[in-house]
Each structure stands twice: as C-alpha cells, then as structure tokens.
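Here the structure comes first, spelled out in structure tokens, and everything after it is commentary.
The values are calculated or read from the model by the stated rules, or taken from the named source; none is laboratory data. Computed from a prediction, not measured in an experiment: that's the story for all the values here. Neighbour counts are summed over all protein chains in view; Cβ atoms, including those assigned to glycine, are modelled from backbone coordinates with ideal geometry. Just the protein is used for accessible areas: all its heavy atoms, side chains included, with ligands, DNA and RNA removed. Shrake-Rupley method; radii C 1.70, N 1.55, O 1.52, S 1.80 Å.
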Amino acid sequence: MGGMGKTTLLTSVYEQLKDLFDNHAWLTISQTYRGVDALLKELLNNVSASEHTVTADANNVDQKGVTVPVDIEIGDKKRLKLDDINKMDALELKRNLKMVLKHKKYIVVLDDVWDRRVYDGISDVFEDSGKESRIVITTRKHDVAALATPGYLLKLNPLDIKDALQLFCTKAFPNKNHFDWTSELLEHANDIIKRSEGLPLEKCPHELQELATHIVTRCEGSTLVMCPSELQELATDTVKKIKSLSLSMYPSELQDLATVIVKRCEDLPLVKCPSELQEIATDIVKKCRGLPLAIVSVGSLLSSRKQIEPVWRQMYNELPCELEKDDQVRGILNLSYYDLPSDLRNCFLYCSLFPEDYHFSKEDLVRLWVAEGFVERKGDSTPEEVAEGYLTELIHRNMLQLVENDELGRVNTCKMHDILRELALSISKAEMFGTVNDFGAMVQMDTGVRRISSYGWKKMKKNKSNMKFPHLRTLMASDTIVDYVPSILSESKYLTVLELQNSDFQELPASIGNLFNLKYIGLRNTRITSLPNSIKNLSNLQTLDVKSTSIKALPPGIANLTKLRHLIADKLADENQSEFRYFVGVEAPEGLSNLEDLQTLQTVQASKDLTKQLDKLLQLRSLWIDNITASHCGELFATLSTMPLLSSLLLSAGDENETLSLKDFNPICTKLHKLIVRGCWALGTKHCLILQNHGKYLKYLALSRCHFVEDPLVVLASCVPNLTYLRLNNIHSPHTTLVLSAGSFPHLNTLVLMDMNDVSLLTITDGALPGIECLYITSLPQLQTVPQGLRSLGSLKKLWLLGLHRNFKAQWDIDGMQKYLQHVPEIRV
C-alpha cells in the first residue's frame, strides 16, 4: 500500500549502487504518465546524461543562469543536441536508446507505476546483452508487480515492532543517536547464532573466534560515555562474558551468549525514549500498524511537542485523524483511492463503516455490496462472483489487507488499515456516503445521510424515539444497543440494508413489510424469536440471515420472496457446542421450490418433501441439511448428486447414533469442494462413490462421529489427496495409532484432530504434510508422547497441543521440543 517505503528503500539502494553501472536512470511515473513518447524522451535524456555526466556547470549555464543545450554521443553518430530529442518520434527514440544501451551495463528505475502498459510500451529498448543490467519497478498494484522475473518480486511487509520503534524514536528524538552501535551488535549476535547452529561441539571454528573478537573490539572501541545505561551495561557484560571464556569455547556456549545479546537488544530501540514515555510510545507505534509513512509522520509531529505523557496520550487518542490531516500522508493515500474505478470506490468506502481492526467475511461483504447495488451481473458471472472479483482487486491494489484464504486459495477474510479507514471516513462524510457515529452525534446528524453505522454502543439516551432519517439507505448497528431502530425504520422508506447482528434486538416490527426497497436483513446472533408475516411483502429481499437465533420456523410468506438469493436460518440450541445438535435447522417452508434464485440455504431439516423441493433449486451453491435419518438417505443423496452448481455441503444426522448411508451420493458436477458430515457413517462408507469418484475434487473435509475400520488418516490420504483442510472430530476406530505416511496430503494447509479418546500414538513420517501451516491436536487424553516427525514440519506456523495426557507436557520438555520448533511463531502446549 502507499506509504510502505517502496521508493525510500529503492532510493537508498539506487544511490549506493548506481555508479557501478555504465548508465543509470530514474523515472517517476505516477498517475500523471503522459504516454510512451514522453517516457522515451525522458529515458533517453536520463541514460545519456548519466553516461556523459551532463550537468549544469560553468560550461553550459549562461550569464542569466539558464541551462544551455549540450550535445550527447549516440553510438558512432555525430553529436546530437538534447533539444533534438523532443523532435523525435517513438521509432527514432527507441532506435537511439538501443544504441546508447547496447553492450552496456545499465540500471533503469520506473518508480510508482500504476499501469503495466507503461513498461509494455518501452520494454523492447531493453535488450539483454549479458551485462547484468537491471530494470526496477515500484508499484502498489498486483498486476504491475506480476511483470517481475520469477524470484525477483519483493513485497514489502509492515515493519515489525522492533524496527517500527527504532524508526519512530529516530524521528521523535532526532538529536539522540545510539542506534548504529546497537544494530551492529545485534547483527553480529544473529550471525553467531546462524553460523553456530548445527556445528560439532569439539571446538570453536575460526570464523566464530573472529566474530567474538570483533564484538569485543567493537564494544571496547565504542564511545559509551554518551550512551544510555542500558547500552553501557550490555556492552560491558558482553566484553566480560567473552573475555572470561577461552576463544576455543564451544559453539554451544557462544550460541547461548548470542541468544542473550539478541534478547537484550530487542528492548534497545526505546533507549532514546524517556522511561515515562516508553509505554505510550509503544502504543502509538502499534497503532500505526507498521506503516513507515505513518510512523515517520507521527514521530516528526511529536518531536516538536512537549515530552510529557498527557500530550502523547492525546496524540494516541487522535492518531488516525491527525495522520489523515497530514498533507503528505493524505496525498499519498489519496492517489490510491482516486485511481480506483468508480464501482470499486463505493466498495472501498463501504468497508470504513465497520469498526477498526474488523475482519470482513468475504460472504458478508459480497452480499452487502450486491444489496447496495454496487455490483451488477457481467456476462455469465453472477453479481456475487463479480463482487468477489472486486474484493480481490482491492486487495491486489493494497487498499484492503488479506487475513486468510479459504480452502481454494480465494479470499476468506480481510481487513482495512486504520489510516486508510480514516481516509475513507473523511471522504464518506464529505460525499454524504455514510457516517460512523455514537448516539450523541447521531441525534445531531444531517437528516440527509444515506448510511449510518454504529458498533459497540452500550448506553442510550432517552430521546431515542425522535430520530428521523428519511433518505437513509443503510443502517448497520451491530454489537450494540438498538432501542432507536423502530423509530428509524418507521421513517426510512428507502432503507435497503438492515444489519443488526450481535445486538440485543428482540422483535422485528410488522411495519418492516412496508420497506419495499429492503434487500438485506441481518439478524444473526440476536434475541429474535420469530419473523412477522408482513415479511412476505419484501419482494426485493435478496439476503435473510437469522442464524444463531431462537427462531424455530420461518413464516409461510417466505415462499413469496422470489428474488431471495441467500437464506440462512437456524436455532442455537447449545452455546457451549457440547451437544451433538448444538444448532437446529428450520423446517423447510412450503413453496420453498419457488425460490429459484436461491444460492445459499442454511440450515433446513430433512423431510420427505425437502427432496422434491431441492430438485428445482438449480442455483444452489451452499446447502446445509440437518436432522437426516436413514430413511431420508436414498432419495436425498440421489437428488444432491444432480445439483449442477453445488460447491459446499453440510450433512448432519438427527443424532450421533443415526446411521447415514452415502452410497447413492455421486455428484455429477466437479464443483463440490467442501463437505462436512456429522453423524455415523454406515459400514462401507469409506468406499462410497463420493470419496472414490469425487474425492480428488474435495479441498475441505470435516468429519464428526464417523466410524472407520482402518486408520482414518491412511484411508483418507488415498481417497482425498488434494485436501487443504481436514478436521476429524470424535472419530471411532479400533486403531490406537494414527500414521501420516510419506507423501500423504501434499497440499494440506490445516489439520485438526480432536476428541479422539483412544488414540495413544501419532506418527508423522518424513515427507508427510509438506505444506502444513496449522496443526491442532486437542482432547486426545491418551496421547502422552510427542508425535514422531513433528520436527520435520518446516512450514508450520501454528501448533496447538491441548487437552492431552497429563504426562505430555513433561515429555515435551524432556525432548527439548521448543528448541527444535523455534521456526513456529505460535505454539500452545
């Protein structure tokens, strides 16, 4: 995203290395790109000037200080005046550029490129002459970055907290400089660790002796009198420790010393900062979310303010607003916003209506955008598919940040950087697109506002019934007091979106049926117990989400809502999720088959009539069915097999002892990639058609209460080899040992094993799970030894080992596993 430091980093490298090239040129493209001809002229000027050092010196500046045109050499031709370059057409410019660069080692920087056609238009002048020339591009856009040679794409990530604090302190305390010494000491310590790992312990290699000696020399030669006590103490301790050891000390001892140095250096970026400001300084830096532009701006701002805690605390409280007002910050971020196509601008602004640090679900965001009218069908793509493309585009433009991908590698959740959110809120307010306010601000708000968002209110004033917003289109009031909602609903006849999830909302008024434009109702996880019959009048309704409520049945008028695309309804029966049927689906309303546009149906109870109704719902992509009995299986699975677009399916039995037979389930379509089965599989199910014929298409598989005759991991490794997600919960098998053999699950990203009471041993063979990132092993009370092969999982990022045998933790410590898994960022044992 803008402000990440792309140009700053490249400038530093370019200035250090440009003189190693025969020719060098830096071109800032930005959004003011004037076309190929103008770019070629600027490039020819630059590379020629760098070769012949054409500068405005005494020989080419007249008495009035005006630069006089000089000549440049083009290959073997006569000298060409720079003025003549402006008269050349594209063909002449390219020909001359090729002659200048021929057989030369050159570096060309194209900074801030927004359109890949910029490079495409000039790329033919860069011929590879085997001289290790370089073309370097900076960009905020994924499609431009895709121009990079494989292996040469550098995506800048936000600064970690240590580097962010160091940058902040450099700007906030510009007259104190203790970081060069600290950084070098830390660099040496890390080098020691890297070089000493895995070496034999008989003696200290010569290189390590040199490193130790260098640290001593560096510490003793530093001017420590002016350094803070923390630096003096660390340097003194380092010298004392190394001198007390023989230079033939074991690598293990040297490594231990290096580890201590690293640990203590991690706290040193704050040595410039007075102790009473260190806590608030850390809070401020964390709020910048690692964005260098923000860190530099706020650090520079604080450098001119009093160094007292109340002043800095006020800055912390007002930080997003202060940064948004900063001309440089706003200018850089505005470029990204105004480069968006108009339809993506609305989608981007809409994201600011959610709270800070909110993780957007792809499904929720897509449905809201469609309801708002930001997205239209394109060709054969549904509006939801178009909206998903918009979401991906915003991430590729770094306007939103990816949090997690789904089992197909698509966006699952994302978030918005706080500073970009503040920019979006400012634009939203100016354009009356929408506003985020507390109750006090709402009662004074312009009545012409179109979208209101209120999250997390816990107090309400008494004049709640007087608010009127006749032009309101969207009301988002989640996790909040919603006493004022009936007043708004009665006056907002243009309302399109009503999102009240996680609130204390209890009853939808009958007058809701008068809101003809309403397309989205979100009442997930509220206290609502029923829906009014008047809901049948909402003929434009596209999404109805009443999941995890107390609703037992849908009103019969639901069948009139022929534009409904997403129907999500179930009753949360057990909040602790300890019962098998902790959620209970609703009965399928009569006339369900009328809803031919339905794409999502979650959750309906199985019945004799359900099969007939599903037969007509050919647009279904996601389907959850509850309360399935053995008598339903034959017809139900035969019908499900013929659904042409089904991609996600949940099947839940009436109780955990109900036997389900999937022998008739053989999907004709390859789109089904997500399968969740809750209940007892009939004998022979592991050999059924859904696994034997369709298993290679499954990416996500979750099984609960199923019975296997063989080791379930061995069976599934052969049937469903392309899984990226596998969860096994309360699986029954006579085998107490589970084995992940070599080559099993080559694409698996996440593995969950839970509530398997008989498993006492888990073996992970070398070559198994080569891409695993998340491994969750919980509630296996007989597992007391550390899974063999755990060390070999080099790609692991999360490891949970919880609720195991009481001796497991002791065995973990005896085996020294923490030392072997230092590459894993998150471990819970």
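Values as computed for the structure displayed
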{"read-out": "Identity of the residue in the stretch 548-571, charged (D, E, K, R) and outside any loop (DSSP other than H, G, I, E, B), that ends up farthest from residue 587 (Cα to Cα)", "value": "571"}
{"read-out": "Residue list for the stretch 534-547, restricted to those being in a strand (DSSP E or B) and open to solvent by 30 Å² or more (accessible area, probe 1.4 Å)", "value": "547"}
{"read-out": "Complete set of residues in the stretch 340-356 that are of a type in the set (Phe, Trp, Tyr) and part of a helix (DSSP H, G or I)", "value": "348, 350"}
{"read-out": "Subset of the stretch 107-118 (residues that are on the phi < 0 side of the Ramachandran plot and either modelled with pLDDT of 90 or more or assigned to a strand (DSSP E or B) (or both))", "value": "107, 108, 109, 110, 111, 113"}
{"read-out": "Candidate set from the stretch 292-337 (those that are among the hydroxyl-bearing types (Ser, Thr, Tyr) and in contact (Cβ under 8 Å) with a residue 60 or more places away in the chain); member that is surrounded by the fewest Cβ atoms within 10 Å (Cβ to Cβ)", "value": "303"}
{"read-out": "So residue 347, is it touching a strand residue (DSSP E or B) at 6+ places or on another chain (Cβ under 9 Å), at pLDDT 80 or above and either closer than 30 Å to residue 395 by Cβ or not small (Gly, Ala, Ser) (or both)", "value": "no"}
{"read-out": "Lone unmet requirement of (1) buried (at least 20 other Cβ atoms within 10 Å of the Cβ); (2) part of a helix (DSSP H, G or I) for residue 414", "value": "(2)"}
{"read-out": "Matching option when the condition is touching a helix residue (DSSP H, G or I) at 6+ places or on another chain (Cβ under 9 Å) and in contact (Cβ under 8 Å) with a residue 40 or more places away in the chain, among 690, 628", "value": "628"}
{"read-out": "Cβ-Cβ under 7 Å pairs, at least 6 apart or on other chains, the stretch 659-675 side touching a residue at least 24 places away in the same chain (Cβ under 8 Å), far side of a type in the set (Lys, Arg) and surrounded by 16 or more Cβ atoms within 10 Å (Cβ to Cβ)", "value": "673/699; 674/699"}
{"read-out": "Positions within the stretch 574-606 being among the hydrophobic types (A, V, I, L, M, F, W, C), open to solvent by 10 Å² or more (accessible area, probe 1.4 Å) and touching a Lys or Arg at 6+ places or on another chain (Cβ under 8 Å), in sequence order", "value": "580, 583, 584"}
{"read-out": "Meets criteria (of a type in the set (Ser, Thr, Tyr), buried (at least 16 other Cβ atoms within 10 Å of the Cβ) and over 24 Å from residue 578 (Cα atoms)) for residue 741", "value": "yes"}
{"read-out": "Selection status of residue 366, open to solvent by less than 40 Å² (accessible area, probe 1.4 Å) and closer than 26 Å to residue 749 by Cα", "value": "yes"}
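Residue-wise test of (1) of a type in the set (Ser, Thr, Tyr); (2) part of a helix (DSSP H, G or I); (3) modelled with pLDDT of 95 or more; (4) in contact with a His (Cβ under 9 Å, 6 or more places away or on another chain).
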residue: 580; (1), (2), (3), (4): no, no, no, no
residue: 585; (1), (2), (3), (4): no, no, no, no
residue: 588; (1), (2), (3), (4): no, no, no, no
residue: 598; (1), (2), (3), (4): no, no, yes, yes
residue: 603; (1), (2), (3), (4): yes, no, no, no
residue: 610; (1), (2), (3), (4): no, yes, no, yes
residue: 618; (1), (2), (3), (4): no, no, no, no
residue: 633; (1), (2), (3), (4): no, yes, no, no
residue: 639; (1), (2), (3), (4): yes, yes, no, no
